[in-house]
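Asks: Here it is, the structure in full.
The values are calculated or read from the model by the stated rules, or taken from the named source; none is laboratory data. Since the model is a prediction, treat every value here as computed from it, not as a measurement. Using ideal geometry, Cβ is built from the backbone for each residue, glycine included, and neighbour counts are taken over all protein chains shown. These accessible areas exclude ligands, DNA and RNA; they are computed on the full protein's heavy atoms, side chains included. Shrake-Rupley method; radii C 1.70, N 1.55, O 1.52, S 1.80 Å.
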Amino acid sequence: MKWLFAVIGILFCSHVCYSQSRPLNIWFDKPARQWEETLPLGNGRLGMTPDGGVQHEKIVLNDITLWSGGVQDANNYNAYKQLPAIRNLLAAGKNDAAQKLIDQNFVCLGPGSGGKQWGCFQLLANLAIDYSFPDPVAAPNNYRRRLSLDSAIAYTTFTAGDVHYKRTYYTSYANDVMIIKLEADKKKALRFAISISRPEKGATTSDANQLLLKGQLDNGTDGKGMQYAAAVRVQTTDGHYSIDKDHITVSDASEAIIYISAATDFRQPAYITTLQKNMSAAMRTPYTQEVQQHVFNYRKLFSRVSLQLSRTTINNHLPTDQRLAAYYAHPELDPELATLFFQFGRYLTISSTRVGLLPPNLQGLWANQIQTPWNGDYHLDVNVQMNHWPVEPANLSELNLPLAELVQGLVKPGQRTAKAYYNARGWVAHVITNIWGFTEPGESASWGITKAGSGWLCNNLWEHYAFTNDRKYLETIYPILKGSALFYKDILVKDEKTGWLVTSPSSSPENTFYLPNGNTASICVGATIDNQVIRELFTNVITASHLLHQDAAFADSLQTCLSFLPPAARIAPDGRIMEWLENYRETDTLHRHISHLYALYPGNLITPDKTPQLAVAAKKTLDMRGDDGPSWSIAYKQLFWARLQDGNRAFKLFRELLKPTLRTDINYGAGGGVYPNLLSAGPPFQIDGNFGATAAIAEMLLQSHDDFIALLPAIPDQWKGYGKVTGLKARGNIIVSMEWENGVVTQYKIQSATARQIKVKINGVVKNIATTSFVK
């Protein structure tokens, strides 16, 4: 995609950089006892998580491109022949029979996401450092382990005997390597041995200069999948250095710098050359210059937004695990923890993706296992979309581009899937995908046939245009949007009961309902989310067609379809939004997915101002679903309540999300929270909860999805006292800064690329405001 790099210059010139007035640190007074307590570092490609062990330190290394599996064609090219029978069964109310037929003939061929060919995002390697000390019996004192969000650098410091030790870790935004600097304030006090290994499919060799771990993952067919390599070198200024076949040993030193360079053959056959080039460049660069350039490059992104939610910080003197526990008990005493969590979400975004590479997966770019939960893949029924919800309002717009590139890669395989299963034009992707372009239904009808995923992805792509007004970008994504709309237009059928055009078969993501015969089913006609996604997509394509002056006839055909679609939402007799076209009774009233409120967020078809009755019904829906769940579900509910302009309820959800936990089991129900290092816990670790809550905090402070920009639309009582935010982004490529006291905006600054008049809701009143230009 040529536009990927062209857009960066446009974006950078539109962002003023601000500085966070207070240090942003996650810190602990002891080493990590489990991986979920480590400090995550990343530069958009490489990641590492040091545990800060005193005598034995484990540092998990990651490369976002390292996947097993490979390209496959799991389409059933005869599946479309089953459509008439499936639709007839559904029309007759025999949903359970239709679901059985889908399981037999309308899912992907083979094991799907459970197969080796599907693949898995997995750890790169484990780096082990074993230390010895001049006084072997001396217990460490003054231990501190800290991650600075302001610089993307982590530190471990302590005293053993009369020696003070310092370790510095970062994944460099300069020369694209991982760096660890070890220091002792006494001569000959630094002694350690390094090794690098992997649980499988890797072998370590050495030469006079480095350790080299190499391997090839399983592609699920002939075993010759992705190749990777990781090299380790050490630079010392004093002491003794030696290397054997699997260790580098340093003794009697006062300082040493460890360099780790890694690469895979994903999109680069000459990956070994890349590895060596990066290593050589980093080792030639003076350390001080390397770290300065790293911080400078990182802050180009991070410093765009600052946030302050009180005049003072109360509990930042506490280690983060203790601070979390105190916050959950008394959140009103520490409003600045929300600031830390919001900026941590922005930090994670910057750390887990970069333009020209992959978007963050279910775990961002961090994994400590070969088999990551749910393959560490891209789920298309909320998760990968949620990963990108904070990107625009948090003023990191260009970091939406890797997702756009991933989606463009789904178009060709999605065209084959559309033809195979629906005999339709255009393209479709169902519930799950990977870096290999999987678009087929999943392996089970109960969840795998949901096909709102591709339309939902188009919402993310459209939002980047809405926030940036980038016409060239719109020209590039228009064929993607049009192809998706063409698919949905082709598959719509008339529902004989209502006369509406609906999808059949359909399903509401991962949810199940009771049939009149007492059986349960997931397959239906016209699930509400399908109707909402299609209505929004058609509207956006019509708008794009007019803006780009093309495809007038196609836009007219979509306009005609819009008049025959079901309403954006319908209210059931109990006052809730209906999840399905029929008023089925759900099997789990507390289900984690709330897909039928898509029109509330990320859509804008339900708003308190324009559709007040639907907004009331949405509240009743959320009340029934409850406030617990996996972390991502809690974050989604926080977003819903922010859109409903109920700041206190949104804050209640935020507090629930920050419930401390150490659980790592697979959870589909209540019990989500955060780990001591602030990574969100489903459990297990899923990064979407972090990103969803980050987006929700932004939404509580600023909204722009209606016909105006709203300042403090959902501010909770706990944040009303005093606050200040700079650099948030609104739709229309507008940058907003403001200050408030007692819940009243006292100062504001609104900037756009060119000065113009806009509508802004300030302290409850909509005003016409003249923006100032941020382009100098």
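Asks: Looking at the structure I just gave you, is ALA160 in contact with a Pro (Cβ under 8 Å, 6 or more places away or on another chain) and closer than 28 Å to ARG233 by Cβ?
Replies: Here the answer is yes, as ALA160 does meet what is asked.
Asks: A further question follows. Hey, does the stretch 487-507 have a residue that's more than 25 Å from TRP580 (Cβ to Cβ), modelled with pLDDT of 95 or more, of a type outside the set (Lys, Arg) and open to solvent by 10 Å² or more (accessible area, probe 1.4 Å)?
Replies: Looking for residues that are more than 25 Å from TRP580 (Cβ to Cβ), modelled with pLDDT of 95 or more, of a type outside the set (Lys, Arg) and open to solvent by 10 Å² or more (accessible area, probe 1.4 Å), one finds none in the stretch 487-507, hence no.
Asks: Moving on to the next point. Quick test for you: out of SER280, SER303, pick the one residue that is free of Cβ contacts under 8 Å to residues at least 40 places away in the same chain and open to solvent by 10 Å² or more (accessible area, probe 1.4 Å).
Replies: SER280
Asks: Scan (1) open to solvent by 10 Å² or more (accessible area, probe 1.4 Å); (2) part of a loop (DSSP other than H, G, I, E, B); (3) touching a Lys or Arg at 6+ places or on another chain (Cβ under 8 Å); (4) not β-branched (Val, Ile, Thr) for the single condition SER557 breaks and write down its number.
Replies: All conditions pass for SER557, except number (2).
Asks: Another question, then. Yes or no: the stretch 69-83 includes at least one residue that is among the hydroxyl-bearing types (Ser, Thr, Tyr), part of a helix (DSSP H, G or I), open to solvent by 60 Å² or more (accessible area, probe 1.4 Å) and farther than 29 Å from ASN43 by Cα.
Replies: yes
Asks: Being in a loop (DSSP other than H, G, I, E, B) and modelled with pLDDT of 95 or more is the filter; apply it to the stretch 718-754 and report the residue that is surrounded by the most Cβ atoms within 10 Å (Cβ to Cβ).
Replies: This residue is ASN733.
Asks: Are any of the residues in the stretch 690-713 touching a residue at least 60 places away in the same chain (Cβ under 8 Å), open to solvent by less than 60 Å² (accessible area, probe 1.4 Å), β-branched (Val, Ile, Thr) and in a helix (DSSP H, G or I)?
Replies: Yes; the residues of the stretch 690-713 include at least one that is touching a residue at least 60 places away in the same chain (Cβ under 8 Å), open to solvent by less than 60 Å² (accessible area, probe 1.4 Å), β-branched (Val, Ile, Thr) and in a helix (DSSP H, G or I).
Asks: Here's something else I'd like to know. Which members of the stretch 576-619 meet the condition of being within 18 Å of PHE513 (Cα to Cα), assigned to a loop (DSSP other than H, G, I, E, B) and of a type outside the set (A, V, I, L, M)?
Replies: ARG576, GLU579, TRP580, GLU582, ASN583, TYR584, THR587, ASP588, THR589, HIS591, ARG592, HIS593
Asks: Name the pairs whose Cβ atoms lie under 7 Å apart, with the first residue in the stretch 650-665 and in contact (Cβ under 8 Å) with a residue 60 or more places away in the chain, the second open to solvent by 40 Å² or more (accessible area, probe 1.4 Å), and 6 or more positions between them or separate chains?
Replies: PHE651/GLN718; ARG655/TYR328; LEU658/TYR328; LYS659/TYR328; PRO660/ALA325; PRO660/TYR328; LEU662/GLN34
Asks: Among the residues of the stretch 317-335, which ones are charged (D, E, K, R) and surrounded by 21 or more Cβ atoms within 10 Å (Cβ to Cβ)?
Replies: ARG323, ASP334
Asks: Related question: With respect to ALA231, determine if the residue is open to solvent by less than 10 Å² (accessible area, probe 1.4 Å) and out of contact with any Cys (no Cβ under 9 Å at 6 or more places or on another chain).
Replies: Yes, satisfied.
Asks: While we're here: Listed residues ASP265, ASP252, ASP246; which is open to solvent by 30 Å² or more (accessible area, probe 1.4 Å), more than 31 Å from the chain's Cα centre (by Cα), at pLDDT 95 or above and not small (Gly, Ala, Ser)?
Replies: After applying the criteria, what remains is ASP252.
Asks: Still on this structure, I have one more. I'd like to know if the stretch 456-465 contains one or more residues that are open to solvent by 10 Å² or more (accessible area, probe 1.4 Å) and more than 20 Å from ALA599 (Cα to Cα).
Replies: no
Asks: Additional query: Does PHE538 count as farther than 23 Å from VAL411 by Cβ and open to solvent by less than 10 Å² (accessible area, probe 1.4 Å)?
Replies: Against the criterion (farther than 23 Å from VAL411 by Cβ and open to solvent by less than 10 Å² (accessible area, probe 1.4 Å)), PHE538 does not qualify.
Asks: Separate question: Kindly establish whether ASP130 is more than 29 Å from TYR298 (Cβ to Cβ), touching a residue at least 60 places away in the same chain (Cβ under 8 Å) and in a strand (DSSP E or B).
Replies: yes
Asks: Taking the stretch 585-635 on its own, how many of its residues are surrounded by 22 or more Cβ atoms within 10 Å (Cβ to Cβ), among the polar types (S, T, N, Q) and touching a strand residue (DSSP E or B) at 6+ places or on another chain (Cβ under 8 Å)?
Replies: 2
Asks: Tell me, which residue of the stretch 652-669 that is in contact with a helix residue (DSSP H, G or I) (Cβ under 7 Å, 6 or more places away or on another chain), open to solvent by 10 Å² or more (accessible area, probe 1.4 Å) and assigned to a helix (DSSP H, G or I) is nearest to LEU711 (Cα to Cα)?
Replies: Per the criteria, the residue is ARG655.
Asks: For the stretch 432-454, how many residues meet the condition of being within 11 Å of SER507 (Cα to Cα) and open to solvent by less than 10 Å² (accessible area, probe 1.4 Å)?
Replies: Adding up the residues that qualify gives 6.
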